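Contents: one structure, followed by commentary.
Every number here is computed from the coordinates shown, using simple stated rules; none is lab data. Model, not experiment: these values are computed from the prediction. Using ideal geometry, Cβ is built from the backbone for each residue, glycine included, and neighbour counts are taken over all protein chains shown.
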């Protein structure tokens, strides 16, 4: 083989390898996103993953859907604890937990333990405010334990445990603005109510720190929500 033939062969090999690398780069840039809950695609050049999360049949806030009344123990504030692990019903959707006191004496802490969407252990500490419902900030897929703290004179006061209006995002976000759109659908409807990209429905709020979305002021019916957002890695 002459020197000219050898140079031509090397040149062709370099051109072939270059074409392969360009094709691979194009595939990585346009690779479609899988459904939420599936394995994540390669990270985009913007460093985030576009996600669309659909939650249908979301019921309204419940004050006792997770557990019926639990008596508040007697003792110096939050020094005696009652732990409940039986007869707990986890929310049907990934969302926050509520506590509702039966009387003014319900001022102690309630510690909720369970798991997030990925199966990691989560803990939410909620402080009672008397005869009122308090919404926790942490979303739960499952609830495994409920600890109720003491007050000096409970007088028969109790807490019921339910679920709230804040829906959990299946994947973490870095900033509130990473939620780009929330579409809603009332149970009787067949079409989604669409908001402009970047504009959330009236009353909606996002907490990147807690990984939650308040899709509207209150969830008052069996509604559906389609949430689009740019997620981080786990």
**Request:** Pull out the extension gain between residue 118 and residue 210, defined as 0.36 nm times the separation in residues minus the alpha carbon to alpha carbon distance; nm, one decimal.
**Result:** 31.7 nm
**For the stretch 173-234 versus the stretch 106-134, the gap between their alpha-carbon centres in whole angstrom** = 23
**Asked** To the nearest 0.05, what FRET efficiency results for residue 153 and residue 56 with a Förster distance of 41 Å applied to their C-beta separation?
**Response** 0.35
**Message:** Residues of the stretch 45-68 with the amide nitrogen closer than 16 Å to a label point 7 Å from the Cα of residue 221, along Cα-to-Cβ, please.
**Reply:** 56-61
**Message:** With an 8 Å Cα cut-off and a minimum separation of 6 or more residues, compute the relative contact order for the stretch 61-165 in percent.
**Reply:** 46
**Asked** Within the stretch 61-165, what percent of beta bridges assigned by DSSP are antiparallel, to the nearest 5?
**Response** 95
**Request:** Using R₀ = 35 Å, calculate the FRET efficiency as 1/(1 + (r/R₀)^6) where r is the Cβ-Cβ separation of residue 125 and residue 86; round to 0.05.
**Result:** 0.95
**Request:** Quote to one decimal, in nm, the extra length available between residue 111 and residue 233 on full extension: 0.36 nm per residue of separation minus the C-alpha distance between them.
**Result:** 41.1 nm
**Asked** So how do 179, 121 line up by other beta-carbon neighbours within 10 Å, fewest first?
**Response** 121, 179
**Prompt:** With r defined as the distance between the Cβ atoms of residue 69 and residue 191 and R0 fixed at 41 Å, what FRET efficiency is calculated, to the nearest 0.05?
**Reply:** 0.50
**Message:** Over the Cα atoms, compute the radius of gyration (one decimal) and Dmax (the largest Cα-Cα distance, rounded to a whole number) for the stretch 61-165, in Å.
**Reply:** 12.5, 40
